[in-house]
1. Which one is nearest to Leu501 (Cα to Cα) among residues in the range 536-555 that are open to solvent by less than 30 Å² (accessible area, probe 1.4 Å), of a type outside the set (Val, Ile, Thr) and within 60 Å of the chain's Cα centre (by Cα)?
2. Of all residues in the range 419-456, count the ones that are open to solvent by 50 Å² or more (accessible area, probe 1.4 Å) and assigned to a strand (DSSP E or B).
3. Determine which single condition Pro327 fails, assuming it passes every other condition in (1) closer than 30 Å to Lys557 by Cβ; (2) buried (at least 17 other Cβ atoms within 10 Å of the Cβ).
4. Checking Gly383 against (1) open to solvent by less than 40 Å² (accessible area, probe 1.4 Å); (2) touching a residue at least 24 places away in the same chain (Cβ under 8 Å), only one condition comes out false. Which one?
5. Which of the residues that make up the range 263-286 are at pLDDT 95 or above, of a type in the set (A, V, I, L, M) and buried (at least 19 other Cβ atoms within 10 Å of the Cβ)?
6. Restricting the search to the range 110-126, which residues are small (Gly, Ala, Ser) and either under 24 Å from Asn87 (Cβ atoms) or part of a strand (DSSP E or B) (or both)?
7. Quick one: count up the residues across the range 291-305 that are open to solvent by 40 Å² or more (accessible area, probe 1.4 Å) and assigned to a strand (DSSP E or B).
8. Counting only residues that are polar (S, T, N, Q) and open to solvent by 10 Å² or more (accessible area, probe 1.4 Å), which one in the range 58-72 is nearest to Met137 (Cα to Cα)?
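The values are calculated or read from the model by the stated rules, or taken from the named source; none is laboratory data. These figures come from a predicted structure and were not determined experimentally. When we count neighbours, we look across all protein chains shown, and the Cβ atoms used for this are built from the backbone with ideal geometry, even at glycine. In case anyone asks, the SASA skips ligands and DNA or RNA and just uses the protein heavy atoms, side chains included. Shrake-Rupley method; radii C 1.70, N 1.55, O 1.52, S 1.80 Å.
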Amino acid sequence: MIKKILFLCLGLGWIIPGRGQCDFPLPPANTCQNAPLLCDLDGYCSNNGNAQNSGTPNAFCGIVENNNWIAFIAGSVSFELEIIVFNCNQSSGLQAQFFATNDCQNFTAVSNCLDPVIGSANITASGLTIGETYYLMMDGKGGDVCDYEYNLISGDILSPAEAIIESLDYLCEGSEIILDGSASGSGTGLSYEWSTQNGEIIGDPGEPLVSTSTPGTYQLLVIDEGGCRDSVAVNLVSSPLPQVQIAEPEILDCLSNTSISLLGNETSGMAPVSYEWSTQDGNIISGTNTPMPLVDAPGLYTLIITNDVSGCTGEAEVEVLASLETPVANAGLDQEINCLNFTVMLDGSGSSNGNTFTYLWTTVDGNLISGANTRQAMADRPGTYTLLVTNTFNGCTDEDQVQVIDNPAEPENALLRLRNPCFGTSFGSIVVDSVLGGTPSYLFAIDSSAWTAQNSFTDLFPGTYQLKIQDATGCEWDTTLLIVSQPELLIDLGEDEEIQLGCALELEVQINFPPEQIDTIIWTPEQNCPGCFIQIDTLLNTQAYSVQVIDKNGCTKTDRKVVSVRKERLVYIPNVFSPNGDGFNDIFRVYIGKGVKKVKNFSLFNRWGAVLYEARDFYPDQSTSWDGRMNGQESPNGIYVYYFEIEFIDGHTELYRGDVLLIR
């Protein structure tokens with residue numbers, strides 16, 4: 001709800017001759033936020049001489065120069081006030097208007113606007129809400145400074161010091177009650193004064209809260225900082241407490257008294273009264289607000305009876321006892337019917353034992369063959385079995401269930417890996433990769449060996465073996481297996497050989513098994529085609545080769561071969577040539593065979609040592625040769641000296657010097 005405030009522009013004054021004390025009880029303020037809350041405007045007088053411009057309200061009819069504010073609480077829906085203005089400095093008078101606001105920022109006009117008042121004029125506010133606060137603002141027209149006085153023509157103003165005592169009528173016998181006046185007033189700087197003629201005040205009478213344990217009449221006087229006051233009185237009458245009685249309850253058990261009723265009464269004949277039962281550790285099924293609640297758990301129960309007129313209460317407690325010793329039913333562990341056990345014992349030996357207990361085994365989907373009324377029964381079918389244990393003393397029971405499952409699974413087959421031993425060895429093996437059927441985990445044995453969790457058997461000689469598999473329930477499966485010796489694996493790399501430097505070497509391993517039976521081929525040194533039967537290599541030096549062949553059964557064979565390198569330097573340099581253009585022997589060049597890497601230097605000189613031709617770092621062919629010319633001119637017939645520096649693929653460098661005869 002929006003709070004409405006009425007604003008009035010007032011000047012600050014002191015004593016106006018012929019009118020007595022002004023600014024009483026409080027002077028007006030220069031801002032809306034600080035406006036004093038007055039309880040009486042009739043005869044109020046002041047002056048705006050010390051006022052300043054605090055801003056023009058958005059709903060004001062004029063322009064503010066030096067405004068004053070006061071506030072009051074509306075006691076009627078309309079309000080008429082005569083404003084008398086005199087002793088003005090400029091004879092311009094004062095402006096005045098009432099406003100409502102909830103934040104002193106946004107204003108709503110609730111009256112006519114006096115613009116200005118010279119002498120006297122009436123201002124009327126309407127549409128007011130009783131109990132809401134409004135503000136009146138007055139301002140000097142054009143900055144005029146005047147004395148002013150109010151006369152209330154009609155309407156009421158509420159005191160901000162309204163005295164309120166929280167509603168009380170009765171003082172319960174033997175109790176102390178709080179007298180609460182903290183809800184009093186809406187003004188500031190409130191003071192409190194408690195008094196009584198026939199009672200007794202406990203606490204400081206000048207505080208809003210006091211207490212008493214004595215019946216009587218108590219008065220509260222409230223005064224605010226503006227001198228507004230109000231008083232209120234309350235008459236406290238002593239009221240006796242209800243007398244509560246609870247009958248002795250029955251004892252809870254598991255037979256006829258699974259729930260019982262409690263009985264509570266008010267024994268003094270007080271009426272009307274109401275009932276309220278409660279418990280911290282028991283349980284109320286129904287009737288919490290009746291004299292006879294229904295409960296089903298032991299514990300402490302409290303009954304509070306309240307006088308519906310005075311509100312005074314009395315209470316009593318009663319303890320509900322129980323004989324609820326529940327027996328223990330323990331049907332034991334779940335059981336399994338399997339290939340070894342066609343019947344099982346249902347073991348309830350962990351249940352309560354003694355002459356006061358009875359036992360009953362039942363099943364809907366299984367079959368009991370004996371012992372249905374004992375702690376241990378026999379069954380021969382899968383299903384759910386229930387053991388009910390009863391305490392015959394109090395009728396309390398407990399039950400537990402056990403499951404009997406049918407495990408028809410037993411080992412039926414197995415996925416096996418047989419490794420027959422290589423020729424001339426005893427490295428055969430049997431490996432069980434997985435078992436088909438049965439209940440894990442499994443044990444394994446061959447022939448008469450002990451059971452083991454190891455699923456492989458190694459170092460087996462050729463022969464017949466009986467493999468046995470046993471599952472977790474003891475069910476077994478066996479099979480007969482034959483381990484035979486593998487044919488001998490034979491390989492051959494051929495005889496040792498010799499090749500010329502630079503010639504390609506072809507290595508081929510001959511194997512007596514078809515390729516699909518070969519698993520791995522390992523060459524040493526490692527070749528460009530790992531796993532290939534044939535390898536191509538180029539040697540620089542003598543090299544020993546070995547190859548290891550592994551077949552699909554893991555059998556291995558190794559062979560070795562030594563290849564020697566013959567390092568003949570295959571270089572031919574002619575000693576005569578005839579560059580006559582007949583197409584035969586027209587150029588001088590070097591001729592090479594296998595093993596040459598390049599010609600590092602080729603130089604040709606005449607008899608006086610002049611260089612006629614020179615080439616470096618080339619692979620010899622017809623494009624790198626001397627055609628018998630120098631600078632385009634034919635050289636004369638005669639002897640010429642040559643120099644060749646040739647590098648071979650094994651890194652060796654050879655120098656060749658000599659002469660050649662040129663004949664045209």
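1. Selected residue: Asp551.
2. Total meeting the criteria: 4.
3. (1)
4. Checking Gly383 against (1) open to solvent by less than 40 Å² (accessible area, probe 1.4 Å); (2) touching a residue at least 24 places away in the same chain (Cβ under 8 Å), the one that fails is (2).
5. Within the range 263-286, no residue meets the criteria.
6. Matches in the range 110-126: Ser111, Gly119, Ser120, Ala121, Ala125.
7. Matching residues across the range 291-305 total 4.
8. Only one residue tops the list, namely Asn66.
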